[in-house]
Amino acid sequence: MSRLIGLRGLAVAGFVLVSAPAFADEAGFPYTDENCGYTTTYEAPPARAVTLSNNATEMMLALGLEDRMAGTSYMANLKISPQYEAAYNTVPVLSPLVATTEQLIEAEADFVYAGYPDGFSESRHTRDQLHDLGMKTRLNTEGCNLGKFGFEELYAEIRSMSAIFGVRERGEALIADIEERLSEVEAKLDGVEAMPVFIFNGGESAPRAVLGNTMLSHVVERAGGANIFGDVANRYGQVSWEQIAERAPEYIVVYYSGTAGGQVVGDPAGELGQARIEILKANPTVENVPGIAGEKFVTIDSVWGQPGPSSIDAVEKLARAFHPDRMEK
């Protein structure tokens, strides 16, 4: 029986199973995928996929493709979203960091999927190098996108992935579920005044911010916030403590991954998430900023902060933090 983990029927009822005929593999091959400057033709769905990031892993699992996965990597010590845990536990974990070329070869990977650009690099393996080894590749398009990125772009990513694996109906069902949940949040936040938000990505001597051309910035907006650096047309970058004080955010989203300096962190929530909160509270330039003085902090790790099926979970979490009275309705 095929599963589409994470859809509303499963999430709400907890035990509803989707019948196989509704999600049977579809025709549609050969399929040509245009992705970040690469054109790849698929004569059939990949059979031994490996993911190089947590959001790529969740995308595969949300489409019910765990039986097509030869391995996952780069979860570090972060946790997979609960709705995907059972399926995730059936797939080999090749590495807590990005799987190496040797590990991909050993897993006999025929498709390598990265959720952000770290997966493909000169220091690890380029897409061209993997293609030469007979592995097809895809990069979530936020990683090569030069403009704003939001749910419409995520839907396009879902459609591309579901087409590559011949499960287009599953992709449309996943999109419909996200759209329904977004509509529910929008209805509750109708007419609300957007709350100024700083998305802190670490840094002690000089702060790093999540900027306007990211899914996380868009998620903040859909949750009833306004990224105070959302006008900066880039993904991530350095800002100044004085700029933060001047823009006076009322809420702070603390963003973190599971690694620091290229190494896995033992306790990301504490060593990175909570530590970044303490950095903000100890800095005299921003200590009187409303969101910091009032300790209005909410943490988002990279499982939910990068574009993927859990982006909607991030919207709901942030909306509850920013506008609790509205979200309780």
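General observations
- Among the criteria (1) closer than 27 Å to P82 by Cβ; (2) modelled with pLDDT under 95, the one G258 does not fulfil is (2).
- Residues in segment 75-111 that are of a type in the set (A, V, I, L, M, F, W, C) and assigned to a strand (DSSP E or B) were compared, and the one that is surrounded by the fewest Cβ atoms within 10 Å (Cβ to Cβ) is V93.
- Any hit, segment 141-162, residues being over 22 Å from D301 (Cα atoms), in a loop (DSSP other than H, G, I, E, B) and hydroxyl-bearing (S, T, Y): no
- Residue in segment 296-314 that is in contact with a strand residue (DSSP E or B) (Cβ under 8 Å, 6 or more places away or on another chain), within 15 Å of L182 (Cβ to Cβ) and at pLDDT 95 or above present: yes
- Top-ranked residue in segment 150-176 [being of a type outside the set (V, I, T) and under 19 Å from L216 (Cα atoms); ranked as surrounded by the fewest Cβ atoms within 10 Å (Cβ to Cβ)]: E152
- Residue count for segment 121-130, restricted to those that are outside any strand (DSSP E or B) and touching a residue at least 24 places away in the same chain (Cβ under 8 Å): 4
- Output for segment 260-272, where each listed residue is within 22 Å of V239 (Cβ to Cβ) and buried (at least 18 other Cβ atoms within 10 Å of the Cβ): L272
- Positions within segment 210-245 being hydrophobic (A, V, I, L, M, F, W, C), touching a strand residue (DSSP E or B) at 6+ places or on another chain (Cβ under 9 Å) and either within 21 Å of Y155 (Cβ to Cβ) or in a helix (DSSP H, G or I) (or both), in sequence order: L216, V219, V220, A223, I244
- Selected residue [in contact with a Ser or Thr (Cβ under 6 Å, 6 or more places away or on another chain) and either β-branched (V, I, T) or closer than 11 Å to T51 by Cα (or both)] from T72, T90, T100: T72
- Those residues of segment 273-329 which are farther than 30 Å from L139 by Cβ, of a type in the set (D, E) and crowded, with 19+ Cβ neighbours inside 10 Å, in sequence order: none
- Qualifying positions in segment 187-209 - loosely packed, with under 15 Cβ neighbours inside 10 Å and outside any loop (DSSP other than H, G, I, E, B): A187
- Positions within segment 182-202 being in contact with an Asp or Glu (Cβ under 8 Å, 6 or more places away or on another chain) and either in the same structural domain as T285 (by TED's automatic domain parsing) or polar (S, T, N, Q) (or both), in sequence order: A194, M195, P196, V197
- Residue check for S240: touching a Phe, Trp or Tyr at 6+ places or on another chain (Cβ under 6 Å) and either surrounded by fewer than 16 Cβ atoms within 10 Å (Cβ to Cβ) or of a type in the set (S, T, N, Q) (or both): no
- Criterion violated by G115 - all others in (1) surrounded by 15 or more Cβ atoms within 10 Å (Cβ to Cβ); (2) within 17 Å of G71 (Cβ to Cβ); (3) at pLDDT 95 or above satisfied: (3)
- Condition broken by S205, with the remaining ones in (1) in the same structural domain as V254 (by TED's automatic domain parsing); (2) modelled with pLDDT of 95 or more; (3) farther than 22 Å from M59 by Cα satisfied: (2)
The values are calculated or read from the model by the stated rules, or taken from the named source; none is laboratory data. What you see is a predicted model, and the numbers here were worked out from it, not measured in a lab. A quick note on method: Cβ atoms are made from the backbone with ideal geometry, for glycine too, and the neighbour counts reach across all protein chains shown.
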